[in-house]
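The values are calculated or read from the model by the stated rules, or taken from the named source; none is laboratory data. As the structure is a prediction and not an experimental result, all values here were calculated from the model. Heads up, the Cβs are rebuilt from the backbone with ideal geometry, glycines too, and the neighbour counts pull from every protein chain shown. Heads up: the accessible areas ignore ligands, DNA and RNA and are worked out on the full protein's heavy atoms, side chains in. Shrake-Rupley method; radii C 1.70, N 1.55, O 1.52, S 1.80 Å.
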Amino acid sequence: MKLWLLRHAQVDLVEGLCYGASDVPAHAELTQEAAQAASVLVPVDAPVWVSALGRAKALAQVLQQLRPDLGAPIVDARLNEMDFGLWELKPWDAIPRSAYDDWMADFAHHRFGGAESTQQVINRVADALNDLRVSPYSEVVWVTHAGVIRAVKFLVDQGPLPLPVVIHSVDQWPRDAPVPGGHLCIEW
């Protein structure tokens with residue numbers, strides 16, 4: 001199976017804010033550019049799943065307008081970005097160092113900001129991947145976020161299904177993800 005992972009365009013916020021589950025808008029012009037670039041890449045008639053957050057849905061909607069063969073995107077909250085709880089929409093540099101230290105000390109299970117742990121993100125992404133495993137499709141498009149893309153990369157790198165897989169250390173977490181408006185295609 002090929003999984004096309006499209007990251008939403010740059011958000012319309014001041015630089016340096018923590019935003020995960022916050023439903024913040026993406027730049028409309030950059031969303032259009034990202035959809036245009038993706039429209040020549042994704043295969044004909046591929047089903048599209050999209051995060052429930054508006055910045056991802058905006059990209060999926062423009063992509064569907066450019067490529068009607070893809071059909072209406074299917075909203076799946078399992079593709080949402082990590083929820084950073086009380087740190088949402090706070091400047092990253094205003095978050096206490098101790099909050100980062102606590103997260104790094106227990107990267108899998110600590111709920112950075114009090115809402116969601118890395119392992120919880122991995123588990124919901126694994127659940128979505130498991131659904132793909134039994135689907136009839138050979139290529140699928142997900143319009144999503146950097147954290148979800150990293151979770152997919154982590155899970156695929158861990159070996160064959162079934163999933164989920166437990167993360168033991170921050171060193172296992174992929175450092176890179178596509179830039180806003182970028183994409184990645186993973187075969188598994």
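For the stretch 35-107, take every pair of Cα atoms, bin their distances at 10 Å starting from 0, and report each bin as a whole percent.
17, 34, 20, 20, 8
Which order do you get for HIS110, HIS183, HIS8 if you rank them by accessible area with a 1.4 Å probe, largest at the top?
Ranked from most to least accessible, the order is HIS183, HIS110, HIS8.
Could you calculate the contour length gain from LYS90 to ALA72, that is, 0.36 nm times the residue separation minus the distance between their Cα atoms, to one decimal place in nm?
Contour length minus Cα-Cα distance gives 3.1 nm.
For the stretch 104-185, which chymotrypsin sites (Phe, Trp or Tyr not before Pro) pass both filters: DSSP loop (anything but H, G, I, E, B) and at most 11 other C-beta atoms within 10 Å?
Counting only loop positions with at most 11 other Cβ atoms within 10 Å, none of the chymotrypsin sites (Phe, Trp or Tyr not before Pro) in the stretch 104-185 qualifies.
Debye calculation, C-alpha points only, no solvent: report log10 I(q)/I(0) for the chain at q = 0.11, 0.17 Å⁻¹, in the same order as the q values.
At q = 0.11, 0.17 Å⁻¹ the computed log10 ratios are -0.47, -1.10.
Using unit Cβ charges (K, R positive; D, E negative) and no other charged atoms, how large, in debye to the nearest 20, is the dipole of the chain about its Cα centre?
Around 200 debye, computed over the chain.
Between VAL40 and ASP102, what is 0.36 nm times their sequence separation minus the Cα-Cα distance? Round to one decimal in nm.
Stretched fully, the VAL40-ASP102 segment lengthens by 18.0 nm.
If contacts are Cα pairs under 8 angstrom and at least 6 residues apart, what is the relative contact order of the chain in percent?
Averaging sequence separation for qualifying contacts and normalising by length gives 34 percent for the chain.
Convert each backbone phi in the stretch 171-188 into a coupling constant with the Karplus relation 6.51 cos²θ - 1.76 cosθ + 1.60 (shift: θ = phi - 60°), then list the ³J(HN,Hα) values in order as whole Hz, x for Gly and Pro.
Running phi through 6.51 cos²θ - 1.76 cosθ + 1.60 with θ = phi - 60° gives 5, 7, 6, x, 7, 9, 8, x, 5, x, x, x, 8, 8, 10, 10, 9, 8 Hz.
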